[in-house]
Structure formats: C-alpha cells, structure tokens
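Below you will find the structure I want to go over with you.
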Amino acid sequence: MIGLAATAQGLLERSTPTILVTVSQALGSTPREVGAWMLVGADDVVGTIGGGRLEFDAIDRARDMLQSGESEAQTDVPLGPEIGQCCGGRVSLSFRLEDAAGLAALQAKAERERAGQPAVFIFGAGHTGRALAKALAALPLAVTLIDQRPETLNALPHAIRCEAAAMPEALIETAPPSSGFIVMTHDHGLDFLITAAALAREDAAYVGMIGSATKKARFASYLRDLGRPSDIERLTLPIGASALRDKRPEVIAALTASELLTCLLSAQQKSLPLRLA
C-alpha cells in the first residue's frame with residue numbers, strides 16, 4: 001500500500017488527470033473483491049482490479065474517458081468466453097475522473113490501510129533475517145527488523161523499519177496485538193530469551209524461531225524451567241518447515257513468508273466485521 005499512497009500523492013502534486021476504477025460488485029468467482037481499485041493515467045497504472053482481459057479492457061475504457069473528457073461510467077462484465085476469461089463470475093466496475101480532493105482522499109485511505117497492516121517483528125539481521133525482511137517488504141505487513149548491531153541494518157528496502165536495540169526483548173511488550181514474532185539472532189541464549197517473551201504474549205498471532213529439532217528440545221527444557229512447558233505448543237520451530245530441505249537464506253525466507261502471511265492475514269480477517277457485498 002506504500003506504493004499506492006505515494007503514487008496518489010505524486011499524481012496529486014502533478015495535477016495529472018486520473019481515472020479511479022473500482023470493483024463495485026463481484027458475484028461468483030472473480031479475480032478481486034468489492035472495493036479493489038486502480039488508478040489509470042495516460043501513461044501509468046497503479047493498483048489492480050484483478051489482471052487479465054478484465055483489467056486490460058478497464059484500462060482502455062479509462063483512457064478513452066481521459067481523451068473524451070467523460071467523468072463517470074459503469075460497466076458490467078461477465079467473466080466468460082466473450083472476454084477470454086473463465087472465472088465464471090460477474091464484475092461491475094465504476095469509473096470516475098478524480099480531482100485533487102478525490103486523490104487526496106484516496107491517499108489518506110491508502111495510508112489508513114497501511115496503518116492497519118499486521119505487524120511483524122524480525123529479531124536478527126543476519127543473512128536469513130535480512131532475506132526474510134526483504135521478502136516481506138512488498139507484502140501488506142508492517143515489518144520491523146531488530147538487531148543489537150547497528151551495522152547490520154543498512155541497505156534495506158524503505159518499507160522496512162529498522163531498529164538497533166541493546167535489549168531487543170523489551171520491544172515485545174509494546175508490540176501491537178496479533179503481531180508476528182520471528183527470532184533468528186546470532187546468539188541461542190538471546191533467541192530463547194526473546195522467544196519466551198513473545199510466547200508470554202497470549203495475543204501473539206505467530207511466534208517462530210529458526211533452528212532444529214535439537215534446538216527445540218533445548219528450548220522446551222528452558223520453558224519447563226520457567227514453569228511454562230505448554231508454551232512450546234504455540235511455537236513454530238523450525239520456521240518455514242516443509243518437505244523441501246534447503247538451508248539457503250532466500251529459500252527459508254520464501255517459505256517462512258508464505259507461512260507467516262497465511263497466519264497473520266487469517267487472524268486479521270477473523271477480527272474484521274462481516275461486510276456484505
């Protein structure tokens with residue numbers, strides 16, 4: 001959503017004529033949900049209503065409006081052989097020429113959606129921590145990468161919030177509800193301390209630690225010593241577990257990103273009020 005907000009601001013500053021295309025109704029199997037939107041200018045497109053022929057035709061329609069001066073339109077599209085898509089559903093689209101006030105409102109909406117993204121805290125900016133942060137940067141998540149060593153937090157995507165912390169475990173207490181915590185520091189003792197603190201947050205949506213079966217057994221013993229043996233049941237260890245036995249940081253990051261995204265977005269959707277189409 002960062003890109004959408006920034007682009008809306010850029011269009012606002014340039015006073016570029018822009019058509020907002022919104023999915024106003026979605027029946028049956030459709031590429032996107034009601035409320036999905038994209039901005040169409042003469043030379044650029046930001047956002048998506050689902051791709052394929054539906055989107056190509058919508059872009060053409062929006063640019064025809066820019067050329068003709070038409071300010072509003074509606075279309076109703078069956079997603080069948082007529083347009084070369086086989087979803088089988090039906091989509092209604094609204095088209096509206098946006099003025100400065102409309103673009104400003106759209107930018108504000110994008111920023112609000114960004115503020116509501118699930119929070120993810122990655123502890124450890126080694127090879128795998130950095131790879132995971134980069135894998136998550138383009139996803140609808142608010143990512144914070146934490147390390148005791150400031151020099152490890154350089155040259156990362158702008159979307160990643162970086163924090164050098166002498167006591168990284170202290171950051172867990174102030175994390176938002178339903179956050180995700182992934183622990184992979186340079187020190188196993190620190191891993192245990194941070195992970196135990198994360199598991200103490202009963203509202204955590206995901207707690208994961210990099211490691212092996214041996215490390216999990218040792219951490220289970222650590223929890224028993226704390227009088228919290230059942231906490232091990234809420235821990236994902238190893239992270240990114242799959243039948244694929246590959247220890248390359250980028251592969252672990254991709255597998256963990258999928259696992260984490262499924263968990264956090266499922267938790268977020270369960271907390272949202274029911275919206276009727």
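The values are calculated or read from the model by the stated rules, or taken from the named source; none is laboratory data. Source: prediction; values computed, not measured. No Cβ is skipped: glycine too gets one built from the backbone with ideal geometry, and neighbour counts run over all protein chains shown.
Given (1) touching a strand residue (DSSP E or B) at 6+ places or on another chain (Cβ under 8 Å); (2) in contact (Cβ under 8 Å) with a residue 60 or more places away in the chain; (3) assigned to a helix (DSSP H, G or I), where does GLN107 come up short, assuming only one miss?
GLN107 satisfies all of (1) touching a strand residue (DSSP E or B) at 6+ places or on another chain (Cβ under 8 Å); (2) in contact (Cβ under 8 Å) with a residue 60 or more places away in the chain; (3) assigned to a helix (DSSP H, G or I) except (1).
Could I ask something else about it? Can you tell me which of (1) modelled with pLDDT of 95 or more; (2) not assigned by TED's automatic domain parsing to the domain that holds GLY124 is the one ALA277 doesn't meet?
The failed condition is (1).
Quick check: anything in segment 70-80 assigned to a loop (DSSP other than H, G, I, E, B), more than 27 Å from the chain's Cα centre (by Cα) and modelled with pLDDT of 85 or more?
Within segment 70-80 (the criterion being assigned to a loop (DSSP other than H, G, I, E, B), more than 27 Å from the chain's Cα centre (by Cα) and modelled with pLDDT of 85 or more), the answer is yes, since at least one residue qualifies.
Within segment 94-121, work out how many residues are within 26 Å of the chain's Cα centre (by Cα) and of a type in the set (Phe, Trp, Tyr).
1
Here is a further query. Kindly evaluate THR144 against the criterion of being farther than 21 Å from ALA170 by Cβ, of a type in the set (Val, Ile, Thr) and outside any loop (DSSP other than H, G, I, E, B). Please lay out each step first, then the result.
On the way: farther than 21 Å from ALA170 by Cβ: no; of a type in the set (Val, Ile, Thr): yes; outside any loop (DSSP other than H, G, I, E, B): yes.
So THR144 fails the test.
Each row is one residue, and each column tells you yes or no for (1) outside any helix (DSSP H, G or I); (2) among the small types (Gly, Ala, Ser); (3) farther than 25 Å from ARG228 by Cβ.
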residue	(1), (2), (3)
HIS158	yes, no, yes
GLU163	yes, no, yes
THR174	yes, no, no
ASP191	no, no, no
ALA198	no, yes, no
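Residues are listed down the side, and each one gets a yes or a no for (1) closer than 21 Å to VAL91 by Cβ; (2) surrounded by fewer than 16 Cβ atoms within 10 Å (Cβ to Cβ); (3) assigned by TED's automatic domain parsing to the domain that holds LYS109:
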residue	(1), (2), (3)
PRO17	no, no, yes
THR22	yes, no, yes
SER29	yes, yes, yes
GLY35	yes, yes, yes
MET38	yes, no, yes
ARG63	yes, no, yes
ALA73	yes, no, yes
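In segment 123-132, is there at least one residue being surrounded by 15 or more Cβ atoms within 10 Å (Cβ to Cβ), closer than 30 Å to GLY35 by Cβ, modelled with pLDDT of 90 or more and in contact with a strand residue (DSSP E or B) (Cβ under 8 Å, 6 or more places away or on another chain)?
Yes, that holds for at least one residue.
Which number in (1) surrounded by 17 or more Cβ atoms within 10 Å (Cβ to Cβ); (2) more than 23 Å from GLU151 (Cα to Cα) marks the one condition that PRO168 misses?
Just one mismatch for PRO168, condition (2).
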